[in-house]
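First the structure, in the form of C-alpha cells, and then the observations on it.
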Amino acid sequence: MYKAENTDFAYLAGNGSMDGFRRAIKLAINYKPRGFCINPVVCDYLVQNNDIFGMYEELRTMGILRQYVIDFPLGQGGCAGKFLLAEELASNRLVDELDVVANIGSILDNDYETFSSEFRDLIQLKIPIKVIVETGYYPYSSEVLTRAVHWCAKLGVFAIKTSTGFINNIDNSVKLIHVETCKKIISKEKYNL
C-alpha cells in the first residue's frame, strides 16, 4: 500500500518554472512525503524569491527532508562536479540529504576506483547520501545491479536508489524486479542500506 511518508517526492523538471516549483512545494506540503528532492538548478528560485524560500523552509519544519539530486541525469560530472555543488548546498544549509547519480560507465565497466572516487569527498560532508544507479542503462543485467549494490554498501552510503525515472525504457514490472533484487542482496549480506 502506498504511504506518502515512505516516499520521496521529486521536482526534477529541466524546463521547470517558478510556478511549477511553487506548485510542487505545495503538493509536498499537502502529501507530506518523507523527502522533497529538487534539481539544484532551482536553487536560484529559492534565493531570489522570499515566498518560495519560505515555503521551502516550511518543508523542514514539517519534518520533510530537503533533498537535492546531484549530477542529474547522467552522473558524468566527475569528482569536482559532484563535490563543488554538494559543498555549496551544505554551506548554505539548504540540504538534508543528497541523491547522487552514480557514474554509470564505471558500474558498467566494473571500475570501482572511478565509482568510489566520485563519492569520497561527498561522504566527508557528513550529509546522508543515496546513490542512484540508473538501472535503465542495464535493465536486464542482475550482475551489474548486484555490483552496484555491493559497491554502495562498501562506500557506506545511506541508501541505493534504482532510478530517477529519467530513462523511460523499462516496464514497471522490471523496475519492481530491480527493487526486489536490491532488497534480497541487502538482506542476505546484512547491509545497512
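Worth pointing out:
- Qualifying residue in region 156-168 (condition: within 13 Å of the chain's Cα centre (by Cα) and under 12 Å from Ile107 (Cα atoms)): no
- Verdict on Val100 being part of a loop (DSSP other than H, G, I, E, B) and within 13 Å of the chain's Cα centre (by Cα): no
- Lys184 satisfies every condition listed in (1) at positive phi; (2) loosely packed, with under 14 Cβ neighbours inside 10 Å except (1).
- Qualifying residue in region 47-65 (condition: within 25 Å of Tyr137 (Cα to Cα) and within 16 Å of the chain's Cα centre (by Cα)): no
- Any hit, region 156-164, residues being assigned to a helix (DSSP H, G or I) and buried (at least 19 other Cβ atoms within 10 Å of the Cβ): no
None of the figures in this text is laboratory data; all of them are computed from the coordinates on show. These numbers were taken from a predicted model, which means no experiment stands behind them. Cβ sites come from the backbone with ideal geometry, for glycine too, and all protein chains shown count toward neighbours.
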